[in-house]
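*Asks:* Can you keep this structure in mind? I'll have questions shortly.
The values are calculated or read from the model by the stated rules, or taken from the named source; none is laboratory data. All values reported here derive from a predicted model rather than from experimental measurement. Note that each Cβ is placed from the backbone with ideal geometry, even for glycine, and that neighbours are counted across all protein chains shown. Side chains are part of the model used for accessible areas, which takes the heavy atoms of the whole protein and leaves out ligands, DNA and RNA. Shrake-Rupley method; radii C 1.70, N 1.55, O 1.52, S 1.80 Å.
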Amino acid sequence: ILAAMALVMVILSRLFMLNAAAIGERKVIFFQTWKWTSGNVLRVIAAIIITDLPAFVIMQILSGLAYESVTAGGAITNATAYAAWGAVLQFVAAMTGIPLIALGAHLYKGLRPPDFAAK
């Protein structure tokens, strides 16, 4: 499982800038972004982990609070409350994803070769 997770993280780090590069170049440049991260895979993985760790902790705390309030006989027991917790969790997940999007743009800006021209 750890080997599979490591492989997924390497692939994720090599493709992490794909969205930012597609916006910046106005076309999908899959293989070029793969080359740009060559030699920087561990740095990109570290940046992803450091950037996403606070969001992960926040989501775990909120998910735990939602679970406890719904299942432990708390005040929240009806379908409307389930929907409210779901909406709150989705909103927080969307907001905590913004730093990862910014990280992808920052890496695109920093790792894109200055003489690159999309073909």
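*Asks:* Checking the structure you have, find out if any residue of region 11-20 is surrounded by 15 or more Cβ atoms within 10 Å (Cβ to Cβ), closer than 30 Å to residue 115 by Cα and among the basic types (Lys, Arg).
*Replies:* Within region 11-20, one or more residues are surrounded by 15 or more Cβ atoms within 10 Å (Cβ to Cβ), closer than 30 Å to residue 115 by Cα and among the basic types (Lys, Arg).
*Asks:* Under the condition of being assigned to a loop (DSSP other than H, G, I, E, B) and free of Cβ contacts under 8 Å to residues at least 12 places away in the same chain, which residue from region 82-119 is farthest from residue 36 (Cα to Cα)? Before the answer, list the steps.
*Replies:* Step one: list which residues in region 82-119 are assigned to a loop (DSSP other than H, G, I, E, B), which gives 97, 112-119.
Now narrow it down to the ones that are free of Cβ contacts under 8 Å to residues at least 12 places away in the same chain: 114-115, 117, 119.
Working: 114: 11, 115: 12, 117: 13, 119: 16 Å.
Once the filter is applied, the top-ranked residue is 119.
*Asks:* For residue 29, only one of the following conditions fails: (1) open to solvent by less than 90 Å² (accessible area, probe 1.4 Å); (2) under 18 Å from the mean Cα position of the chain (by Cα). What is its number?
*Replies:* (2)
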